[in-house]
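Since the structure comes first, as structure tokens, the remarks are kept for the end.
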Amino acid sequence: MNPDGSERQQITANGAFSTMPSVSPDGGNILYMNFPPANDNFSLHEVSIGTRDDILIPNSVNADSARWSPDASQIAFDFPTQVQSVETMDVWTLTAADGTRTDLTNTSSTDEYQPAWSPDGTKIAYTQKIANCQSCRSDLYVMNANGTGRKQLTNLAASSESRPDWSPDGLSLVFDVSSDGNAFHIARIDADGSH
């Protein structure tokens, strides 16, 4: 669409509620969530502008956290995983070229979600809390993009930290902080967790 509103192009027309778009860094693809009518399941889709619409993750639970890597070669997302009869949320990556999925966290006692790529694509920050515990507090972690080298960044006893996002230079992160689950404020921490 032009700035004046002319030449608007409809990208989805599948009879469902399509929302939460995320444009790839190269501008050629869009991730979005698709909610079919009269169905509680939703799915993560990718559409190449003007060409195709692919279902990347059917029956997603919280794939609205899907994020492109800076070079658009991968997508990080959170997705439920069954480990030892317990369903947890894990951080996954999906290779854009061939659809290969990799569970980066694969834990049975904690939920990991809300992944955020570092600007250089070498790290992923994420939120972690005890699995299946709505009242438990959450902390921020960072790991290498392949799932190794996990490091806890926050550990504030009286609050929950969530929704990390990197600074453009990759030296710090901003995130939500809440002490009661209702009121949130924004905080900043160095990417190594030092300040």
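Residue by residue through segment 165-184, note down the ones that are within 21 Å of residue 137 (Cα to Cα) and either aromatic (Phe, Trp, Tyr) or surrounded by 10 or more Cβ atoms within 10 Å (Cβ to Cβ) (or both).
Hits for segment 165-184 are 165, 173, 174, 175, 176, 177, 178, 179, 181, 184.
I'm trying to understand the selection: among the residues of segment 142-172, which are assigned to a strand (DSSP E or B), over 17 Å from the mean Cα position of the chain (by Cα) and of a type in the set (Ser, Thr, Tyr)?
Scanning segment 142-172 gives 160, 172.
Every read-out reported here was derived from the displayed coordinates using simple, explicitly stated rules and does not represent laboratory data. Remember, predicted model here, so these are calculated numbers, not experimental data. Every residue, glycine among them, receives a Cβ derived from its backbone with ideal geometry; neighbour counts consider all protein chains shown.
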